[in-house]
1. Of the residues in the range 58-84, how many are surrounded by fewer than 17 Cβ atoms within 10 Å (Cβ to Cβ) and touching a strand residue (DSSP E or B) at 6+ places or on another chain (Cβ under 8 Å)?
2. Taking Ile19 as the residue in question, decide whether it is among the hydrophobic types (A, V, I, L, M, F, W, C) and modelled with pLDDT of 95 or more.
3. Considering only residues that are modelled with pLDDT of 65 or more and more than 30 Å from Ser68 (Cβ to Cβ), which ones fall in the range 95-134?
4. Can you spot a residue in the range 138-147 that is of a type in the set (Ser, Thr, Tyr) and either under 21 Å from Ser26 (Cβ atoms) or at pLDDT 90 or above (or both)?
5. Applying the selection to the range 71-110, what residues are more than 25 Å from Ser18 (Cα to Cα) and either of a type outside the set (A, V, I, L, M, F, W, C) or in contact with a His (Cβ under 7 Å, 6 or more places away or on another chain) (or both)?
6. Being of a type in the set (Ser, Thr, Tyr), at pLDDT below 95 and closer than 20 Å to Leu117 by Cα narrows it down to one of Thr30, Thr77, so name that one.
7. Looking at the range 6-14, is at least one residue at pLDDT below 95, in a loop (DSSP other than H, G, I, E, B) and open to solvent by less than 50 Å² (accessible area, probe 1.4 Å)?
8. Looking at the range 37-57, I want the residues that are charged (D, E, K, R) and part of a loop (DSSP other than H, G, I, E, B) and have a partner that is open to solvent by 70 Å² or more (accessible area, probe 1.4 Å) and at pLDDT 95 or above with Cβ atoms under 7 Å, at least 6 apart or on another chain. Which pairs are those?
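The values are calculated or read from the model by the stated rules, or taken from the named source; none is laboratory data. Keep in mind that this is a model prediction, so the values were computed, not measured. Ideal geometry is used to build each Cβ from the backbone, glycine not excepted, and the neighbour counts take in all protein chains shown. The area values use the complete protein model at the heavy-atom level, side chains included, leaving out ligands, DNA and RNA. Shrake-Rupley method; radii C 1.70, N 1.55, O 1.52, S 1.80 Å.
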Amino acid sequence: PFLPSGHLCLSPMAFEGSISAEELASIQETIPQEVLLTATQEYVIFHVIETPYKNLTMKCQFPLQYPSSPLLFELETKTLPERVKRKLVDKCEQEAEQLADKGQPQVLALWTFLSTLLQSNQLLLCTEHISDIKSRLLTGPHDSLKL
């Protein structure tokens, strides 16, 4: 459901579902109000902010069969490299699909996943530079670099 840019390709009929009142209440209780921009049964938007340079916004909409179908989402970031954003989209898609297979709520799980990832990965902003350095330094078959 994603365009090459990592944005959703949504049709009006694709997201006519909603989340339960219980899941909505859990989202509103768990995600801090300063980063929870919108929380309705049809649409949830939140920020994940670790630093001014490590932050993103997730927009969630719900298909008719939610939570048995993966939620529809879009990740936006002005600070993280595009390559990192694509990997995050892939990981979130995988996580949402696994939870949907079990019929489990997905919003809080994805918020927790993204929050933990941004918090624990100190070199996230440097991934492109690290790859460039590795390609320049590691020329032999037995060369290695530990960070």
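1. Matching residues across the range 58-84 total 2.
2. no
3. Once the filter is applied, which keeps residues that are modelled with pLDDT of 65 or more and more than 30 Å from Ser68 (Cβ to Cβ), the range 95-134 yields Gln119, Ser120, Asn121.
4. No, the range 138-147 contains no residue that is of a type in the set (Ser, Thr, Tyr) and either under 21 Å from Ser26 (Cβ atoms) or at pLDDT 90 or above (or both).
5. Hits for the range 71-110 are Thr77, Lys78, Thr79, Pro81, Glu82, Arg83, Lys85, Arg86, Lys87.
6. Matching residue, one of Thr30, Thr77: Thr77.
7. Checking the range 6-14: at least one residue is at pLDDT below 95, in a loop (DSSP other than H, G, I, E, B) and open to solvent by less than 50 Å² (accessible area, probe 1.4 Å).
8. Matching pairs, first to second residue: none at all.
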